[in-house]
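Engineer: Sharing a structure here in structure tokens format.
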Amino acid sequence: MRSIAYDYAQQTPAAEFLAKPQQLLIDGRRVASASGRIFKSLDPATEQVIATIAEGNEVDVDHAVAAARRAFEGRWRTIRAAERGHILLKWAELLKQHADEIIELESLDAGKPIAAVLRQDFPAAVDTLTYYAGWADKIGGDVVSTRDDALTYTVREPVGVVAAIVPWNFPLMIGMWKLAPALACGCTVVMKPAELTSLSALRIGELALEAGLPAGVLNVVPGPGRTVGDALVNHPDVDKVTFTGSPGVGRGIMKGAAGNFKRVSLELGGKSANVIFADADLDAATKAAAAGIFFNAGQVCSAGSRVLVQEAAYDEVVERLAARAKALRMGDPLDRATALGPVISEKQMGSILDYVDIGQKEGASLVTGGERVGSRGYFISPAVFADVKHEMRISQEEIFGPVVSVIKFKDEADALRIANGTAYSLAAGVWSRDIGRVQRFAKRARAGTVWINTYGYTDVRLPWGGERDSGLGREHGTAAIENFTEPKAVWMNLNA
Ligand code: NAD
């Protein structure tokens with residue numbers, strides 16, 4: 001479709017980092033992998049190799065877990081809580097000082113439009129770190145009234161060594177959703193980035209050391225899920241797994257974690273419904289609905305991949321969504337004017353294009369898009385499906401690409417039945433001027449987050465997550481503090 005003239009050797013902010021062979025980060029040092037194997041990271045916009053990365057295996061996981069255990073039993077646990085917070089704040093400062101480099105790395109490695117990384121991923125990562133740095137010295141317990149002859153109180157203690165397993169769609173932001181609260185609580189971490197996007201994790205790991213994080217507190221072991229991820233999940237000395245990714249892998253993690261009863265939190269998939277009633281502000285609703293599915297090329301767990309529209313407004317919404325899809329500027333992620341980049345990989349592109357075929361075979365009408373664009377890079381034109389029936393696979397299964405299914409409904413009860421009728425429950429949106437109706441919907445929607453007359457916002461101060469195929473537990477806010485700490489009850493005999 002176009003040639004992307006990116007010279008990887010030129011003096012851009014990330015050039016120096018990219019020129020180095022990337023190694024594992026274990027016990028405060030950059031080290032080669034035990035096997036000596038390396039793997040390549042591709043730019044999804046050009047299919048060019050942008051970095052070579054040491055590939056971890058079970059032996060590296062053992063080393064990283066041992067380092068994390070030593071660090072947990074050592075200084076990180078005994079350091080003043082405020083000092084932990086100061087180190088995390090220093091880390092946030094270093095991230096800001098290296099913003100250009102980190103933003104470029106993330107854009108290149110994940111194929112994300114740089115304007116979006118600048119506006120969302122990077123500031124959200126820094127905000128998360130700053131927020132939890134503030135928590136470090138505010139994690140307390142309660143004095144609880146029980147007996148007159150006893151002082152009884154609770155304290156919260158860090159759970160220990162945490163395995164953080166991260167996907168490729170928001171490597172930096174989701175990575176920080178896990179690292180910041182775990183470290184603030186006094187845990188130590190072995191992080192496994194997705195094999196397609198390891199670079200930002202390795203770079204921010206280096207900066208954490210520069211900020212004064214003691215050796216072993218944060219270790220980064222890139223490599224495949226089935227070796228590094230599996231070894232972490234089954235490791236007897238890992239106390240907790242925090243995972244974001246697909247329901248299939250999440251299920252395996254629960255089984256693996258059962259070995260030593262690891263704590264598990266899972267953020268999995270979604271098939272979120274964005275419900276538009278005919279009395280809604282259709283201009284605002286369709287603008288948000290388009291952003292809700294096409295942002296990050298639809299590779300968002302809370303993407304509004306099902307747009308439910310009341311009969312009277314159906315044709316107009318389909319038309320407006322198609323117009324918005326056609327107007328999206330697709331192109332080089334490093335160009336600040338680009339709104340839509342490639343999808344992450346050839347495999348992901350193949351899977352999305354398969355769903356476009358499936359939708360057509362099921363009888364849905366492809367109004368626009370759904371084709372590969374160009375022959376280099378994994379670009380797909382944003383697709384709008386009309387006449388989608390609730391039972392069709394494109395309405396039930398997560399596509400994780402720029403494909404929206406527009407479904408017609410009659411009334412409130414019909415909208416709720418369809419909205420709640422998948423295996424997922426991550427998020428939902430509702431658009432109407434009737435305040436009773438939107439509140440009734442918010443109350444009955446099976447979703448961890450409900451957006452009313454808006455779509456897609458997240459904030460680390462609010463709980464995030466879902467149930468069933470959308471996951472287990474919540475991230476963010478106080479929920480994350482509970483995830484990474486264990487309560488302890490203490491009894492003291494006052495008559496001793
Ligand atoms: P994935 O489940 O294939 O991979 C996620 C991570 O798990 C990667 O680091 C991968 O290497 C690792 N992994 C793979 N197999 C493993 C195993 N056997 N043991 C341990 N770790 C293993 O998912 P993906 O393709 O990277 O990401 C897309 C999926 O993630 C989508 O389904 C999406 O909905 C979901 N997601 C959810 C959220 C959320 O907040 N709920 C956010 C982003 C993505």
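Engineer: Answer yes or no as to whether K410 is open to solvent by 40 Å² or more (accessible area, probe 1.4 Å) and touching an Asp or Glu at 6+ places or on another chain (Cβ under 7 Å).
Structural biologist: Here the answer is yes, as K410 does meet what is asked.
Engineer: Do you know which residues across the stretch 208-238 are closer than 17 Å to L183 by Cβ, more than 16 Å from the ligand (Cβ to nearest atom) and over 21 Å from the mean Cα position of the chain (by Cα)?
Structural biologist: If the condition is that a residue be closer than 17 Å to L183 by Cβ, more than 16 Å from the ligand (Cβ to nearest atom) and over 21 Å from the mean Cα position of the chain (by Cα), then L209, E210, A211, G212, L213, P214, A215, G216, V217 are the ones that fit.
Engineer: Could you tell me whether D279 is modelled with pLDDT of 95 or more, surrounded by fewer than 24 Cβ atoms within 10 Å (Cβ to Cβ) and closer than 30 Å to K410 by Cβ?
Structural biologist: So D279 passes the test.
Engineer: Against the definition (of a type in the set (F, W, Y) and within 16 Å of the ligand (Cβ to nearest atom)), how does W177 come out, yes or no? Quick ask: steps written out before the conclusion?
Structural biologist: On the way: of a type in the set (F, W, Y): yes; within 16 Å of the ligand (Cβ to nearest atom): yes.
Yes, satisfied.
Engineer: Let me ask another. For the stretch 209-308, which fully contained helices (runs of 4 or more DSSP H) count at least 2 residues that are assigned by TED's automatic domain parsing to the domain that holds R70 and charged (D, E, K, R)?
Structural biologist: Details: elements: 230-234, 247-257, 282-294.
Result: 247-257.
Engineer: Mind checking which residues of the stretch 274-298 are under 22 Å from the mean Cα position of the chain (by Cα) and closer than 17 Å to R329 by Cα?
Structural biologist: Correct list: A288, A289, A290, A291, G292, I293, F294, F295, N296, A297, G298.
Engineer: Something else now. Test Q348 against the stated conditions and say whether it is open to solvent by 10 Å² or more (accessible area, probe 1.4 Å), assigned by TED's automatic domain parsing to the domain that holds S432, part of a helix (DSSP H, G or I) and closer than 26 Å to F170 by Cβ.
Structural biologist: Values: open to solvent by 10 Å² or more (accessible area, probe 1.4 Å): yes; assigned by TED's automatic domain parsing to the domain that holds S432: yes; part of a helix (DSSP H, G or I): yes; closer than 26 Å to F170 by Cβ: yes.
When the stated conditions are applied, Q348 passes them.
Engineer: Okay, moving on. Could you check, for the stretch 53-76, whether at least one of its residues is out of contact with any Lys or Arg (no Cβ under 9 Å at 6 or more places or on another chain), part of a loop (DSSP other than H, G, I, E, B) and either closer than 26 Å to E475 by Cβ or open to solvent by 50 Å² or more (accessible area, probe 1.4 Å) (or both)?
Structural biologist: no
Engineer: Only one of A312, A273, A297, A323 is farther than 28 Å from I50 by Cα and either touching a residue at least 40 places away in the same chain (Cβ under 8 Å) or within 16 Å of the ligand (Cβ to nearest atom) (or both); which?
Structural biologist: Being farther than 28 Å from I50 by Cα and either touching a residue at least 40 places away in the same chain (Cβ under 8 Å) or within 16 Å of the ligand (Cβ to nearest atom) (or both) holds for just one of A312, A273, A297, A323, which is A273.
Engineer: S305 versus (1) within 13 Å of the ligand (Cβ to nearest atom); (2) crowded, with 19+ Cβ neighbours inside 10 Å; (3) closer than 30 Å to F39 by Cβ: which is the lone unmet condition?
Structural biologist: (3)
Engineer: Please find, within the stretch 204-260, the residue that is most open to solvent (accessible area, probe 1.4 Å) out of those that are among the charged types (D, E, K, R) and free of Cβ contacts under 8 Å to residues at least 40 places away in the same chain.
Structural biologist: R226
The values are calculated or read from the model by the stated rules, or taken from the named source; none is laboratory data. Predicted model, so just to flag it, every value in this text is computed and none were measured. No Cβ is skipped: glycine too gets one built from the backbone with ideal geometry, and neighbour counts run over all protein chains shown. Just so you know, the surface numbers come from the protein's heavy atoms only, side chains and all, with ligands and any DNA or RNA stripped out. Shrake-Rupley method; radii C 1.70, N 1.55, O 1.52, S 1.80 Å.
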